[in-house]
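Notes follow the structure.
The values are calculated or read from the model by the stated rules, or taken from the named source; none is laboratory data. Every value quoted in this text rests on a predicted model; they were computed, and no experiment measured them. When we count neighbours, we look across all protein chains shown, and the Cβ atoms used for this are built from the backbone with ideal geometry, even at glycine.
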Amino acid sequence: MKIQRTQRRGVRQALAALATGAMVAGLAAVGAAPAVAAEQSPSAVNGYRNVGYFAQWGVYGRDFKAKQLQTSGAAADLTHINYAFGNIHYQDLTCFIANKAQGTGPNGSDGAGDAWADFGMGYTAANSVAGTADTWDQPLAGSFNQMKQLKAKNPNLKVMISLGGWTWSKNFSKAAATDASRKKFVKSCVDLYLRGNLPVIDGRGGTGAAAGVFDGIDIDWEWPGSQNGEVGNHVDEVNDKANFTLLLKEFRTQMDALSAENGHPYQLSAFLPANPADIAAGGWNNPENFQYLDYGNVQGYDLHGAWDPSLTGHQANLFDDPADTRPATKKFSVDKAVKEYLKTGISPKQLGIGLAAYGRGWQGATSANAWGPATAAAPGTWEKGNEDYDKLKTLGTDHYDPAIGAAWRYDGNQWWSYDNAQSTTRKGQYIAELGLGGGMWWELDGDRSGQLVGTLADKLRASATGPATDPTGPTDPTDPTDPTDPTDPTDPTDPTGCTAAAWSATAVYTGGQKVSYNGKEYTAKWWTQGNTPGTNDVWGLVGPCTTDPTDPTDPTDPTDPTGCSAAAWNATTAYSGGATVSHSGSEYTAKWWTQGNTPGAEQWGPWELVKAC
């Protein structure tokens, strides 16, 4: 079942907030050391995060699919993709996926979901990231599978499932209300998204079908303790603040337990509000929250909009605008919001700032200056008063105020506030100056060519190395059948030892450098640190370490009695769980159904290494 959505969901103003002029604010926080230790490496963009939201509904009318991120180069400039959004079931207060269209009114989100976009939609070779067509019987298709393919091509990229957003935050308060409800809710989210146990819908899904897609969870609760969220949201103004902290703790606890089980370090992030009133109501800047979260992104947009139809103004200004004519309680800026978090002692490296790949606009504007008169919201392709950056970047005349870090466009009638290359560069400078962890984009389909995403990445790469780190996962270079290190060329128990130096998780390697790992030699294709050889595309396999001039992977070679006996892996063959294959001198067993996934190419993929042949 296809679900067409034209309404932008997620981080935007609710009807009630539009009426009161209250600002839309954001999500959660950032983190201290997790309970399960994981090696850390600098975040992939010079020690900064560059996060982008991928909208579930964008694959329809917008025709924005994951492949666009690869072909535009944006994927190489991103560190994290937040897949938006996951819903909370109104009856049993659990994470779920279904095919049910979003309705209208306070109960419109009840039971809503889009399993078709998530894992049902088949992709052709032409519109898939990997360039291969989905088959009718594979359990995982849709955007989830495309995210997995995107990660295979971009080893440093992580994908997070974002829960809630503007439209789907209705049931957060109830899910967080008691210890029992928190445990049940979190377990359901971990099972569904991190373990990948999808419901079976129209022949797709099943146990473990989405394993390896998501590297963590992003909390988008809008807003605990505050009535500024969507009409119909459940809000407990007295208890939400404390329950929110307990919910984050429960996520951290269960995610760490899964990490201890499978060795994969999972991240927990959140979308942080900018409105000081919403920050206070939810206790967002409570330092304890940041013991459980790895990082959070402060909302840096929707600071003003056409919910006030008669007054133009900035929606994404970095600093306060002295010309702002509104009351003090309505004057917002990115810098003011960031300081609300820093003042409680939260580390700057745990904070990112949100940037807009879209604009908010008015029509009937009579002045090119901000805070002038207007008559109504400007026309937008998907929503009045809202338009993609790609459609705004050539409208009228561009303007930029360096004093407040704000950009806008004016054509004599329409007045649009947005982020452009100048404001993006200035915000990148601000991130580096304050030692923040990076930036975040809502939403990627508004910047189809990756122009703004790349501008921020380029600015951060040109800055001093940033403070943000990401877990690389535990590494165990020892051979489970040999108490010594098989990658050690001096080890007398490994007569076929490697001659290249052993790979180190903390060392930096450049293209062409050779290492040994688990009895094989690899060559780096490009700059890398912390990427385990044999688990991603950055390392090219040279071959097994051997002093035998014959092929040690040839099972017919009498001088190689330990040659592979399993049939060679075939990219076009479908394998079910338990099937054994040989590939590149090793034998692998399928953990679940798979087709086209190269053994040894994905750290958390469907193939489990059995042994080197």
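Here's the yes/no breakdown for (1) over 25 Å from residue 506 (Cα atoms); (2) touching a Lys or Arg at 6+ places or on another chain (Cβ under 8 Å); (3) at pLDDT 95 or above; (4) not in a helix (DSSP H, G or I):
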{"position": "429", "(1), (2), (3), (4)": "yes, yes, yes, no"}
{"position": "436", "(1), (2), (3), (4)": "no, yes, yes, yes"}
{"position": "440", "(1), (2), (3), (4)": "yes, yes, yes, yes"}
{"position": "465", "(1), (2), (3), (4)": "no, no, yes, yes"}
{"position": "473", "(1), (2), (3), (4)": "no, no, no, yes"}
{"position": "477", "(1), (2), (3), (4)": "no, no, no, yes"}
{"position": "485", "(1), (2), (3), (4)": "no, no, no, yes"}
{"position": "489", "(1), (2), (3), (4)": "no, no, no, yes"}
{"position": "492", "(1), (2), (3), (4)": "yes, no, no, yes"}
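What number goes with the only condition from (1) outside any loop (DSSP other than H, G, I, E, B); (2) over 19 Å from residue 347 (Cβ atoms); (3) of a type outside the set (S, T, N, Q) that residue 296 does not pass?
(2)
Can you name the condition, by its number, that residue 131 falls short on among (1) touching a residue at least 40 places away in the same chain (Cβ under 8 Å); (2) of a type in the set (Gly, Ala, Ser); (3) in a loop (DSSP other than H, G, I, E, B); (4) over 24 Å from residue 262 (Cβ atoms)?
Status for residue 131: all satisfied but (1).
Among the residues of the range 248-277, which ones are in contact with a Pro (Cβ under 9 Å, 6 or more places away or on another chain) and within 24 Å of residue 337 (Cα to Cα)?
Across the range 248-277, the qualifying residues are 267, 268.
What are the residues in the range 331-340 that are surrounded by fewer than 24 Cβ atoms within 10 Å (Cβ to Cβ) and assigned to a helix (DSSP H, G or I), if any?
Answer for the range 331-340, where residues must be surrounded by fewer than 24 Cβ atoms within 10 Å (Cβ to Cβ) and assigned to a helix (DSSP H, G or I): 335, 336, 339, 340.
Tell me which residues, restricted to the range 342-356, are more than 22 Å from the chain's Cα centre (by Cα) and assigned to a helix (DSSP H, G or I).
Passing the criteria: only 342.
Working carefully through the options 29, 76, 33, find the one that is out of contact with any helix residue (DSSP H, G or I) (no Cβ under 6 Å at 6 or more places or on another chain) and at pLDDT below 90.
Going through 29, 76, 33 in turn, just one is out of contact with any helix residue (DSSP H, G or I) (no Cβ under 6 Å at 6 or more places or on another chain) and at pLDDT below 90: 33.
Of the residues 87, 82, 50, only one is outside any helix (DSSP H, G or I), under 23 Å from residue 194 (Cα atoms), at pLDDT 50 or above and touching a Cys at 6+ places or on another chain (Cβ under 9 Å); which?
Result: 87 is the single residue among 87, 82, 50 that is outside any helix (DSSP H, G or I), under 23 Å from residue 194 (Cα atoms), at pLDDT 50 or above and touching a Cys at 6+ places or on another chain (Cβ under 9 Å).
When the range 298-330 is examined, which residues are found to be over 18 Å from residue 408 (Cα atoms) and either surrounded by fewer than 17 Cβ atoms within 10 Å (Cβ to Cβ) or not hydrophobic (A, V, I, L, M, F, W, C) (or both)?
299, 326, 327, 328, 329, 330
Filter the range 249-296 down to residues that are among the β-branched types (Val, Ile, Thr) and surrounded by fewer than 19 Cβ atoms within 10 Å (Cβ to Cβ), then give me how many there are.
So the answer is 1.
Need at least 1 residues that are in contact (Cβ under 8 Å) with a residue 40 or more places away in the chain and more than 28 Å from residue 286 (Cα to Cα) per element, so show me which strands (runs of 3 or more DSSP E) inside the range 192-272 make the cut, counting only ones lying wholly within it.
Output list reads 198-201, 204-206.
Would you pick out the residues in the range 569-595 that are modelled with pLDDT of 80 or more and either exposed (fewer than 12 other Cβ atoms within 10 Å of the Cβ) or hydroxyl-bearing (Ser, Thr, Tyr) (or both)?
Answer for the range 569-595, where residues must be modelled with pLDDT of 80 or more and either exposed (fewer than 12 other Cβ atoms within 10 Å of the Cβ) or hydroxyl-bearing (Ser, Thr, Tyr) (or both): 571, 572, 573, 575, 578, 580, 582, 588, 589, 594.
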